[in-house]
Amino acid sequence: MAIQQTLSIIKPDGVEKNVIGKVVGRFEEEGLVPVAMRMVHLSQQEAEGFYAVHRERPFFGELVEFMTRGPVVVMVLEGEDAVARNREVMGATNPAEAAEGTLRALYASGIEENTVHGSDSEENAAKEIKYFFSDVQVFSRS
Ligand code: IDP
Ligand code: MG
């Protein structure tokens, strides 16, 4: 295993539910420490660009509408095997299928409003981090 960085987003529903602190606290407990963090209200163009891989999916329009409805918290998390570890802590996309104790099992309202985003590969993590942060905004702590 190696130290990796991954992009995490607390989605609008997570901000609205007032679980920013709980989510960040959980990541810290799991050894996924924030090394960059800011709050941003995505424009339609920014959300469409971020989710461009899902452009053809039937839920794309709704997803963009959801992700732009209020501010989100974008973070870079750093730790051992951070990409896969973050996905484990998040749980399955659909909270009904998410393992007990995962962030989505605890906080998500449904398959769309599922509280957190996490990069799904090291390659996408690098792209997604660059989408939101410049090199000088990311502070390695390892
Ligand atoms: P992931 O976030 O677990 O990686 P993806 O398949 O990459 O899941 O989907 C991206 C996001 O799109 C999900 O987190 C969720 O917000 C939304 N989404 C995924 N599948 C559906 C669906 O069937 N209906 C509505 N929204 C969906
Ligand atoms: Mg995904």
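Could you grab the pairs with beta carbons closer than 6 Å, sequence gap of 6+ or different chains, first residue in region 98-122 and within 12 Å of ligand 2 (Cβ to nearest atom), second one at pLDDT below 95?
Listed pairs, sorted by first residue: none to list.
Can you tell which of 53, 89, 40, 33 is β-branched (Val, Ile, Thr) and free of Cβ contacts under 8 Å to residues at least 24 places away in the same chain?
Exactly one of 53, 89, 40, 33 is β-branched (Val, Ile, Thr) and free of Cβ contacts under 8 Å to residues at least 24 places away in the same chain, namely 53.
Spot the failing condition for residue 119; the list is (1) modelled with pLDDT of 95 or more; (2) more than 12 Å from the chain's Cα centre (by Cα); (3) not hydrophobic (A, V, I, L, M, F, W, C), and only one is missed.
Among (1) modelled with pLDDT of 95 or more; (2) more than 12 Å from the chain's Cα centre (by Cα); (3) not hydrophobic (A, V, I, L, M, F, W, C), the lone unmet condition for residue 119 is (2).
Could you tell me how many of the residues in region 100-142 are under 21 Å from residue 12 (Cα atoms), among the aromatic types (Phe, Trp, Tyr) and surrounded by fewer than 17 Cβ atoms within 10 Å (Cβ to Cβ)?
Residues flagged as under 21 Å from residue 12 (Cα atoms), among the aromatic types (Phe, Trp, Tyr) and surrounded by fewer than 17 Cβ atoms within 10 Å (Cβ to Cβ) within region 100-142 amount to 1.
Check region 45-56 and report whether any residue there is closer than 28 Å to residue 141 by Cβ, charged (D, E, K, R) and away from ligand 2 (no atom under 14 Å from the Cβ). Explain how you work it out, then say what you get.
Pass one, region 45-56, residues closer than 28 Å to residue 141 by Cβ: 46, 50.
Okay, now just the ones that are also charged (D, E, K, R), so 46.
The next check asks that each one be away from ligand 2 (no atom under 14 Å from the Cβ); those that pass are 46.
Yes, region 45-56 contains at least one residue that is closer than 28 Å to residue 141 by Cβ, charged (D, E, K, R) and away from ligand 2 (no atom under 14 Å from the Cβ).
Residue 79 fails exactly one of the following numbered conditions: (1) more than 15 Å from ligand 2 (Cβ to nearest atom); (2) over 25 Å from residue 49 (Cα atoms); (3) surrounded by fewer than 20 Cβ atoms within 10 Å (Cβ to Cβ). What is the number of that condition?
Failed condition: (3).
The values are calculated or read from the model by the stated rules, or taken from the named source; none is laboratory data. Note that the structure is a prediction, hence the values are computed from the model and not measured. Positions of Cβ are backbone-derived with ideal geometry, glycine not excepted, and every protein chain shown enters the neighbour counts.
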